[in-house]
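The values are calculated or read from the model by the stated rules, or taken from the named source; none is laboratory data. It should be emphasised that the depicted structure is a prediction, and the values quoted were computed from it without experimental measurement. Don't worry about glycine lacking a Cβ; one is built from the backbone with ideal geometry, like all the others, and counts go over all protein chains shown.
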Amino acid sequence: MTNGTVITTTDYAGNYIYQNNILQMINQPEGYLEPNGQGSYNYGYRLKDHLGNIRITFVDFDHNGSIVLSEITEENNYYPFGLKHQGYNNTVSSNANAVAGKFKYNGKELQDDLIGSNSLDLYDYGARFYDAALGRWHVIDPMCELARRWTPYQYAYSNPIRYIDHDGMVVDDYFNKDGIYLGKDEAPTDKVKIIDQEDWDKNKSIESDGTESIDHNSGEPLSIDHSASDISIDASLSVYEHYNPTDLPIVAQEAENGKGGMVHYAISENGITSAEIEIKLQGNKDSKISDHANEIKNLFEHEKQHNLDLKKVGIETFGKSSLQRREVRAVSHQINHSSFKGTRKGFQRSVIDYGIKFGMIQSIKSKPSTIQESKKIYRIDKQPINEFER
């Protein structure tokens, strides 16, 4: 309903969008097709950032291969949680497709219908609606029990710079044999699957926002677990990079000890500190860690804590601190991260046992307040993480 009186019926048939039974656009991964009124179509190109936010849209209306200002139909720039910048990017070309122009933040459709004199201004993520003004959902996260420290209405764990949050569910992730992320299915698991690009293309579905997915009943028999695949080292590293929450490069560990895991490695040369994360590719395959997104994420959280401590205190203090303190802090962070509850019981037991080995108190399961202090009972929720925050 627009202006409180005019009723517009919108129908979604996959990536085809109709209004009052008239085709308005066909969503595509890199843009959209729109009828040009002459029995053919124009293609609207969308330039997106790493989160799928549609930043620039343009259409080559005269098909001359050159884009002029009047063919740039829309520009959008956003604050982290989705509100648009104002004052310099509000111009929309008169040639713009009004329906296509509703797809903005995360590539999602803005529902701006009027209720009385008030606009809804909610983004439609399919499973629920998102309010960019609040940075919150209007319904609880369906997997909120996995993140008890967060409000059940939180969006992307309050880190919208890095993450998007379609529906809050755990799903199977699919990668091609080059380790490139393709999309997901609807399974209530966290498997990491490898599939031929050709099989994916034949069976995929394109959502209204241009993202791709596959039905679990189609994807499961056509794919194999990461651990059972013969993809290259570089391809496996590309899979891991998809889950990497740090700014550190990742490499394959050259001399593995037969166990799974990751290693944070830092060195200082000529006063410059550099660090990387070494992945135990074979050990993770043997232990099936590489088949589970939550376990990959959880291992990264361990190394992430090491890197945060390194940045806080510097490599000299970090190197002089006890191995016990460093590992207890990392394990404590790891256990309290939302991904931990989604891991297998054997994985959880091994992480806890590793922490106990270094003196972690199992009943507390929280990290030392600093790298340097010595305390018998560690309470991260009441202590700053290092001296510099006092």
Among residues of the stretch 188-206 being within 30 Å of LEU33 (Cα to Cα) and β-branched (Val, Ile, Thr), the residue surrounded by the most Cβ atoms within 10 Å (Cβ to Cβ) is ILE195
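Only helices (runs of 4 or more DSSP H) wholly contained in the stretch 159-273 count here; list those with 1 or more residues that are among the acidic types (Asp, Glu) and touching a Gly at 6+ places or on another chain (Cβ under 9 Å). Even if it seems obvious, please write down each step before you answer.
Values: elements: 197-203, 216-222, 233-241.
By residue number, 197-203, 233-241.
For the stretch 304-314, which positions are touching a strand residue (DSSP E or B) at 6+ places or on another chain (Cβ under 8 Å) and buried (at least 16 other Cβ atoms within 10 Å of the Cβ)?
Once the filter is applied, which keeps residues that are touching a strand residue (DSSP E or B) at 6+ places or on another chain (Cβ under 8 Å) and buried (at least 16 other Cβ atoms within 10 Å of the Cβ), the stretch 304-314 yields HIS306, ASN307, LEU310.
Any idea how many residues of the stretch 28-51 are aromatic (Phe, Trp, Tyr) and in contact (Cβ under 8 Å) with a residue 24 or more places away in the chain?
Total satisfying the criteria: 1.
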Checked pairs for the stretch 172-194, first among the polar types (S, T, N, Q), second buried (at least 17 other Cβ atoms within 10 Å of the Cβ) and not in a loop (DSSP other than H, G, I, E, B), C-beta under 7 Å and 6 or more apart or across chains, list as ASN176/LEU182; ASN176/ILE195; ASN176/TRP200
Among residues of the stretch 156-187 being among the hydroxyl-bearing types (Ser, Thr, Tyr) and either in contact with a Leu (Cβ under 9 Å, 6 or more places away or on another chain) or modelled with pLDDT of 80 or more (or both), the residue surrounded by the most Cβ atoms within 10 Å (Cβ to Cβ) is TYR174
Original post:
So is ASP62 over 25 Å from the mean Cα position of the chain (by Cα) and in contact (Cβ under 8 Å) with a residue 40 or more places away in the chain or not?
Top reply: no
Taking first residues from the stretch 122-141 that are surrounded by fewer than 17 Cβ atoms within 10 Å (Cβ to Cβ) and second residues anywhere that are small (Gly, Ala, Ser), the pairs with Cβ under 8 Å that are 6 or more apart or on different chains are GLY126/SER208; ALA127/GLY168
When the stretch 327-355 is checked residue by residue, the ones that are more than 14 Å from PHE300 (Cβ to Cβ) and of a type in the set (Ser, Thr, Tyr) are SER332, SER350, TYR354
How many residues of the stretch 65-92 are loosely packed, with under 13 Cβ neighbours inside 10 Å, of a type outside the set (S, T, N, Q) and more than 28 Å from the chain's Cα centre (by Cα)? The answer is 5
Scanning the stretch 239-256 residue by residue, those of a type outside the set (A, V, I, L, M), in contact (Cβ under 8 Å) with a residue 60 or more places away in the chain and over 19 Å from HIS306 (Cβ atoms) turn out to be HIS242
Listed by first then second residue, the pairs whose first member lies in the stretch 7-20 and is without any contact (Cβ under 8 Å) to a residue 40 or more places away in the chain and in a strand (DSSP E or B), whose partner is exposed (fewer than 10 other Cβ atoms within 10 Å of the Cβ) and among the hydroxyl-bearing types (Ser, Thr, Tyr), with beta carbons under 9 Å and at least 6 positions apart or on separate chains, are TYR18/THR9
What do you reckon, is GLU241 more than 17 Å from the chain's Cα centre (by Cα), among the acidic types (Asp, Glu) and modelled with pLDDT of 95 or more? no
Restricted to the stretch 22-48 and to residues being among the polar types (S, T, N, Q) and within 21 Å of ASP124 (Cα to Cα), the residue modelled with the lowest pLDDT is GLN28
Exercise for review: Evaluate the following for SER94: is it more than 17 Å from TYR32 (Cα to Cα) and at pLDDT 90 or above?
Suggested key: no
Listed by first then second residue, the pairs whose first member lies in the stretch 299-321 and is over 19 Å from ILE279 (Cα atoms), whose partner is part of a helix (DSSP H, G or I) and among the basic types (Lys, Arg), with beta carbons under 8 Å and at least 6 positions apart or on separate chains, are ASP309/ARG326; ASP309/ARG329; PHE318/ARG326
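Rundown of residues vs (1) in contact (Cβ under 8 Å) with a residue 60 or more places away in the chain; (2) touching a strand residue (DSSP E or B) at 6+ places or on another chain (Cβ under 6 Å); (3) aliphatic (A, V, I, L, M); (4) crowded, with 18+ Cβ neighbours inside 10 Å, yes/no style:
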| position | (1), (2), (3), (4) |
| --- | --- |
| SER208 | yes, yes, no, yes |
| ASN217 | no, no, no, no |
| GLU220 | no, no, no, no |
| ASP230 | no, no, no, no |
| ILE233 | no, yes, yes, no |
| SER236 | no, no, no, yes |
| GLY258 | no, no, no, no |
| ILE279 | no, yes, yes, yes |
| GLY283 | no, no, no, yes |
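Among the residues of the stretch 1-57 satisfying the criterion of being touching a Leu at 6+ places or on another chain (Cβ under 7 Å) and among the β-branched types (Val, Ile, Thr), which is nearest to LEU83 (Cα to Cα)?
Looking at the filtered set, the residue picked out is ILE56.
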In this structure, does GLY346 turn out to be of a type outside the set (Val, Ile, Thr), outside any strand (DSSP E or B), in contact with a Gly (Cβ under 7 Å, 6 or more places away or on another chain) and within 30 Å of ALA187 (Cβ to Cβ)? no
